[in-house]
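To start, the structure itself, in structure tokens.
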Amino acid sequence: MRHTGRRSGKRGFLLTAPFCFQGSCMTLSATFDKRFAAAADWLSTAVLAVDRFGSIVWCNSAAEVLLGCSRRNLRGTDLGLLAPQAREWVMRFKDDEKLTHFGAMTLLQRPLTEPETVYAVVSHFAGSDGIFLLEIAAVDHALKFAREEQEAGLSAATKVLLRNLAHEIKNPLGGIRGAAQLLESELASAEEREFTEVIISEADRLQSLVDRILAPYRRERRIGEVNVLEVLERVRNLLSAEFPKGLTILRDYDVSAPPIEGDKEQLIQVFLNLMKNAAQAMVQLIRAERAEITLKTRIARQVTIQRQICRTALRVDVIDNGPGIPEAIREKVFYPLVTGREEGTGLGLSLVKNYVEQNGGAIEVESEPGRTDFALFFPLGKH
């Protein structure tokens, strides 16, 4: 492989250049195959180094994931096979080191993937002889990042509001129930006592609702190593006992996945809530004995969790073939008191998100009629 560039005292190339990442620029000065490579591997966007002839000389881990090809196989590949427009940009200003070009382009020839429009930035590494840096980001990357920021702020404010509201409701609720019981003991007519029974019953229902709102903040968390496959099997057994007929639970596990750090009881509640919600949404399919839930685990790479980049993470998918989440609430399904069922409280998925985040993870959902996929991500090792 041809190497061009200014040799440093150590093995590799000394590259000093402005580098744009998610709209901000910073200056990098590092040996290409060591310091720079280590730093670029932490980025969530794909980064490729290209020579003046349009051949790829290096790429980071995110580029391997995006392009579906290993670093070794990409090395020496003509950039024009993957991104013809980016190669044109390199050829167009390879003799003018001051130019930087950015815009939309199309990625081609990726395994099992249709061509995709992405945003890209091409810039020259100052101090190198014809080395160009290409950064690629999915079109929805910036939108997703902004949405996560907005949701995080809204979620935090909602949690504080609900917790304060629950505390304010709890004390007078006890007084109402006590007064209703006292009144019931004074009434001689059974017909009149029916009204106090309604008051007591509704007070108990509201008390249960308040307890569920406060549940994530009451119990002391017990952190340790958790084998997620054991958690999934336990929940699967519970649900199989509750729905012995009509519901098939499929397993697609990566048994090599290492344990995660977390609270086992909270994680059991997370998957129990998700699977029960799925079963409750598939009542008709269960009656027809066509309901399916699939539990799937995989190792994911270069994942952003709670606005931090994790090199490796455990991905767990809970997939059902139910009617899907109504479009009207799809974007706010994790908000408290939002539900698609008349008898629902709207707290189940809110609790799930709360527990997942308390355990350092993140949760996403994709839903359409016939398929709903809750994807959970938990960091592995240091990130």
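The values are calculated or read from the model by the stated rules, or taken from the named source; none is laboratory data. This is a predicted model, so every value here is computed, not measured. Methodologically, a virtual Cβ is constructed for each residue, glycine included, from the backbone with ideal geometry; neighbour enumeration extends over all protein chains shown.
Details
- Residue within region 315-330 that is in a helix (DSSP H, G or I), within 19 Å of the chain's Cα centre (by Cα) and not acidic (Asp, Glu) present: yes
- Residues (among the polar types (S, T, N, Q) and more than 25 Å from the chain's Cα centre (by Cα)) located in region 223-249: Asn237, Ser240, Thr248
- Unique residue being free of Cβ contacts under 8 Å to residues at least 60 places away in the same chain and part of a helix (DSSP H, G or I) when the list is Leu274, Leu285: Leu285
- Taking (1) modelled with pLDDT under 90; (2) closer than 22 Å to Pro369 by Cβ; (3) surrounded by 19 or more Cβ atoms within 10 Å (Cβ to Cβ) in turn, Lys332 satisfies each apart from (3).
- Region 49-93: number of residues that are β-branched (Val, Ile, Thr) and touching a Cys at 6+ places or on another chain (Cβ under 9 Å): 1
- Residue within region 22-42 that is polar (S, T, N, Q) and modelled with pLDDT of 85 or more present: no
- Spans of helices (runs of 4 or more DSSP H) in region 38-85 with at least 3 residues within 17 Å of Arg311 (Cα to Cα) and in contact (Cβ under 8 Å) with a residue 12 or more places away in the chain: 61-67
- Scanning region 61-80 for residues that are under 21 Å from the mean Cα position of the chain (by Cα) and surrounded by 19 or more Cβ atoms within 10 Å (Cβ to Cβ) yields a count of 6.
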